[in-house]
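J.: The structure's right below; bear with me while I get my questions together.
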Amino acid sequence: MKILKIFFGLMFVLFWVQNGAQAEPAEEFYLANGMKVVVREDHRAPVAVHMVWYRVGSMDESNGTTGVAHVLEHMMFKGTRKFPEGSLSKTVARLGGRDNAFTNTDYTAYFQQIPKDHLEKMMEMEADRMRNLQFKASDFDKEIRVVMEERRWRTDDQPEGRLDEALRASAFVAHPYHWPIIGWMNDLQNMTVDDARHWYERWYAPNNATLVVVGDVDAQAVRKMAEKHFGRIKPKKITPVKPQEEPEQRGIRRVAVSAPAENPMVVLAYKVPALRDVEKDQDVYALDVLSSILDGYDNARLPATLVRQEKIALAVGASYSALSRGPALFVVEGVPSKGVTVDELEKRLRGEIARIAKDGISEAELQRVKMQLISSQIYKRDSMFGQAMEIGVFEMTGIGHRQIDRTIEKLKAVTPQQVQQVAKKYFSDDGLTIATLIPESLPKQPAK
């Protein structure tokens, strides 16, 4: 997902290089039941961000119950005996804060951003639904309909959503990244309240969760509150799913999707490494820089060349995230201009990467990319929620928040030669999946 790029990439380099600013070091500790707690004190405003991350996502599902991780996220708001449905969100709203949750391929997280004096109340309520969630059949029936409608709205009725789903289903044949986070519609139609309950009982435990608190707090006080509320919950035996390694791809895979749309579209997804070892995995840093060279700012290579100069594309983009529990993709996409075919645009997108592989980039271009990104990315260090997100993502993907500074140092050291090297190494036909959107006629709007 592109949100990961926000929290890992060249943008961190820019702020730290230009301003010399370092976030306060976070403190971490474990409760007796195995729950990890990470606290970063930030005293600039009297607020706190409280997040509970569960290291379980759609990649931990199996055929027949795809989407259950996301369905359980919905059920987590149905309340407990102590705090009935709506209690948490109403409490947060009354305090002038905000709360929500999100499910990813790799994790599920719940958060509240509230005045600091009410942090303990959030811990009490979050801990209560970690172990005492109610599973009423009537609640499930309502929420599964909501999820199915969400799927229709985000995927079935959106040509880009259909295309992305088909792309990933083709790029991954064995790994569970093959299916969508929201699940296949048939699985949702046949899901039961017991499926959601079993998921909750299997994965929602303190020893499979990380608590992240950022804000105007005292770390030792947070520790006492965490021990009081989360420390009482018994751990569970967590049995990880068996690894489902993706077999080596040999040759291009192509998939076409027909959908009502105004314009065609082409998406190229290359198999590239994800970050596993901060010290050894040098290529991921150069790939992150390459992504920014291609599409990291308004005058980056893809928009400047293909949209404004040659006018063969209406829109272009590139994205890559090294932070994931599973395999990674480097994605390049574009919408061709009128009169230009998707095949022609595909060749030009591939050609821009080939040009970097052949000619490289200059040191001046690398520095220019850094300077261009400063103004749009510097605000992230002022966001307590952004800090909490950064910590959580690094924790859930197995790197750990203590390695954040080291990844920044590694990014700062990337050279033009390294960028050219990864452009040569990973962007061949092997490991490439191409998805094409074929537009169908849009339905006619009724006359007013």
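J.: Taking into account only those residues within the range 339-370 that are among the basic types (Lys, Arg) and touching a helix residue (DSSP H, G or I) at 6+ places or on another chain (Cβ under 8 Å), which is nearest to LEU314 (Cα to Cα)?
T.: Taking the candidates together, the pick is ARG348.
J.: Oh, and also: Among the residues in the range 223-231, are any part of a helix (DSSP H, G or I) and within 26 Å of the chain's Cα centre (by Cα)?
T.: No, the range 223-231 contains no residue that is part of a helix (DSSP H, G or I) and within 26 Å of the chain's Cα centre (by Cα).
J.: Just checking, how many residues over the range 290-308 are out of contact with any Leu (no Cβ under 6 Å at 6 or more places or on another chain) and assigned to a helix (DSSP H, G or I)?
T.: 9
J.: For residues that are more than 30 Å from TYR177 (Cβ to Cβ) and either not basic (Lys, Arg) or not assigned by TED's automatic domain parsing to the domain that holds GLU61 (or both), tally how many sit in the range 114-138.
T.: Looking only at that region, the number is 16.
J.: For the range 405-448, which positions are hydrophobic (A, V, I, L, M, F, W, C), in contact (Cβ under 8 Å) with a residue 24 or more places away in the chain and farther than 30 Å from SER170 by Cβ?
T.: ILE408, LEU411, ALA413, VAL414
J.: Quick one: count up the residues across the range 309-327 that are crowded, with 20+ Cβ neighbours inside 10 Å and not in a loop (DSSP other than H, G, I, E, B).
T.: Final tally of qualifying residues: 4.
J.: Out of the range 104-133, which residues are touching an Asp or Glu at 6+ places or on another chain (Cβ under 6 Å), polar (S, T, N, Q) and either under 18 Å from VAL217 (Cα atoms) or surrounded by fewer than 22 Cβ atoms within 10 Å (Cβ to Cβ) (or both)?
T.: GLN112
J.: Return only the number of the condition from (1) modelled with pLDDT of 95 or more; (2) of a type in the set (Lys, Arg); (3) under 22 Å from the mean Cα position of the chain (by Cα) that ARG381 does not satisfy.
T.: Unmet condition: (1).
The values are calculated or read from the model by the stated rules, or taken from the named source; none is laboratory data. Since this is a predicted model, take the numbers as computed values, not measurements. Neighbour counts run over all protein chains shown; Cβ positions are idealised from the backbone, glycine included.
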